[in-house]
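Shown next, in structure tokens, is the structure this report addresses.
Just so you know, all these numbers are worked out from the coordinates, no wet-lab data involved. Quick caveat, the model's predicted, so the values are computed rather than measured. So basically every Cβ, Gly included, is an ideal-geometry build from the backbone, and we count neighbours across all protein chains shown.
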Amino acid sequence: MRKAFVICLVLLIVFGGIAIAGDIIGRRVAQNEIAKNVASQYDLDHTPDVSIKGFPFLTQALDGRYGEIDINVGDLTQQGIRLTDTKVALKGVTAPMSDAMNGDSSKMVADSATSTATIGYDDVNKSAPNNMKVSAAGSNLQVRGPYTVPGLGITRTVTATVSVQPSGRSVRVVPQSVKTGGTTVPLSLVRQAFTFTMSVKGLPLNTRITGVKVQPQGLRVSTTAQNVKLDSLNVVH
């Protein structure tokens with residue numbers, strides 16, 4: 001009796017090990033194929049890191065439903081805009097098992113997709129009006145540009161500390177304080193001239209900006225989208 005129990009235990013361990021190994025291998029194959037597909041979509045010169053969350057993987061694959069797939073795209077250039085440290089998180093992904101294993105994203109749909117990427121200030125400045133220059137000042141964002149006093153024709157270079165707010169696929173810039181030549185200027189004089197909206201190019205298709213964070217190297221932009229097809233993650237051309 002004891003011998004039979006030991007044999008059963010050994011068999012359970014063996015088959016359990018085989019199942020775990022199969023789960024690990026299946027997950028790795030699917031991740032690698034999806035990574036190749038994303039690299040092709042974005043025309044990357046590197047292969048992104050893909051992580052299919054949840055255990056076991058094979059159960060998700062058989063159901064054709066994945067809780068979360070994270071994609072670390074890294075750096076890429078879209079529409080002439082360089083995005084760095086780009087990451088995408090897909091929640092509630094529906095995909096046939098064969099498509100996931102083959103990296104075919106044509107039928108893959110995510111309930112939601114969130115992404116984050118950093119856009120350098122050189123690229124941010126391309127959308128700023130009137131030759132204004134955007135840069136970080138500690139944790140604040142500042143805009144420097146010309147201002148002409150109405151009725152006097154006098155032009156001065158003004159530096160404004162501004163707030164940034166998401167606005168669809170754009171960022172709304174609103175001045176909070178201004179100065180010129182070390183002298184504080186009444187905000188009411190330049191509020192209109194230094195309030196503007198900058199479009200953010202290079203974002204994934206059908207996403208909207210949900211957050212903007214000022215960083216020394218650029219603006220860290222967060223986006224979200226609903227009911228996303230994986231083969232439409234690329235930007236609008």
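The length gained on full extension between residue 215 and residue 163, counted as 0.36 nm times the residue separation minus their Cα-Cα distance, comes to 17.4 nm. Take the Cα radius of gyration of segment 122-200 and divide it by 2.2 N^0.38 Å, N being the number of residues; the result is 1.06. Using a cut-off of 26 Å between alpha-carbon atoms, which lysines can reach residue 201, once sequence neighbours fewer than 8 places away in the same chain are excluded? By straight Cα distance, residue 201 reaches 36, 87, 91, 126, 133, 213, 229. Charged side chains reduced to their Cβ positions (Lys and Arg at +1, Asp and Glu at -1) give segment 122-200 a dipole of some 80 debye around its Cα centre. Cβ crowding within 10 Å, taken as a proxy for footprinting-reagent exposure, orders 45, 75 from fewest neighbours to most as 45, 75. Averaged over residues, the count of other Cβ atoms within 10 Å places the peptides 211-218, 66-73 in the sequence 66-73, 211-218, highest first.
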